[in-house]
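To keep things clear, I will list the structure first and then write my remarks on it.
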Amino acid sequence: MMVPVEAYFVLSALLFFIGVFGFITRRNLIAMLISVELVLNAVDINFAAFNRLLFPEGFEGFFMTLFSIGVSAAESAVAIAIIINVYRNFHSDQVNSIENMKF
Amino acid sequence: MMYIFAIQLVSKRTLQGLVEHLKGSRVLFGGIVTVVGLLTVALVLLKNQFIYRACSVADAEIPMETIGTALLGSEKYQYVLPFEFISVFLLACIIGGIVVARKEKEK
């Protein structure tokens, strides 16, 4: 029983907007980072599904997905390092504690 | 996995009883933005005829061997250069993260 291909797009849209909701609502820095990871994963699913649908002989979408997963792993590492430094200097894990350069 | 390393840096006693209190107006605003965006995307997706016409192309199974040769080959449309570059890039990001998050030694 084949899964219809629209199901992948609905899944990707759902994940994307759940990630956006988590990013807007939460104030903890690590929870916001987790929500951004959800958004990136939704985009990866979308790339892979569109490549399989529209372009069956080519691989560009698949490799874009692979490199996007690699890049999101790298920016997770850098973001955790930045969050650790923010905690050391501001002694708080809320995102509204960073207000030195606020306009 | 990086989350596990970050959580190990914090002691267990400081993690007791830490519950985030969500502000009600912010949750409502986030909920409205999310639902409006989701409805827009779902409507455009399901009313669009493009996908049903593009589906008529029969899809064949791509063997794993072609993906492997494409990832590591050096012909015109193959991906060995981004592969090597992203391995160096990941190494640079890991080293940068460790340097930024080091404990400074008290002199």
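We did not get these values from a lab; they are worked out from the coordinates using the rules stated. Because the structure is a prediction, the values reported are computed rather than measured. Neighbour counts run over all protein chains shown; Cβ positions are idealised from the backbone, glycine included.
Annotation: aspartates and glutamates with alpha-carbon distance below 20 angstrom to residue A:102 (same-chain offsets under eight excluded): A:93. Kirkwood analysis of chain A, using all unique Cα-Cα pairs, places the hydrodynamic radius at 15.6 Å. Each residue of the stretch A:86-98 was assigned a 3J(HN,Hα) from its phi angle through the Karplus expression (A = 6.51, B = -1.76, C = 1.60, θ = phi - 60°), giving 4, 5, 5, 8, 9, 6, 8, 9, 8, 6, 8, 8, 8 Hz with x at Gly and Pro.
Using the Cβ-Cβ distance between residue B:78 and residue A:14 with R0 = 45 Å, the FRET efficiency computed as 1/(1 + (r/R0)^6) comes to roughly 0.85. Sparse packing (at most 15 other Cβ atoms within 10 Å of the Cβ) combined with a DSSP loop state is found for the following trypsin sites (Lys or Arg not before Pro) in chain A: A:102.
The residues neighbouring residue A:88, those whose beta-carbon lies less than 12 Å from its own, together hold a net charge of 0 under the Lys/Arg +1, Asp/Glu -1 convention. Projecting label points 7 angstrom from Cα along Cα→Cβ for residue A:69 and residue B:65 puts them 2.3 nm apart. Shape analysis of the protein assembly as shown yields a ratio of the Cα radius of gyration to the Kirkwood radius, Rg/Rh, of 1.04. As a length-normalised measure over Cα pairs under 8 Å and 6 or more apart, the relative contact order of chain A settles at 26 percent.
Residues whose amide H comes within less than 5 Å of that of residue A:92, counting only those at least five positions distant or on another chain, are absent (H built at 1.01 Å from N in the peptide plane).
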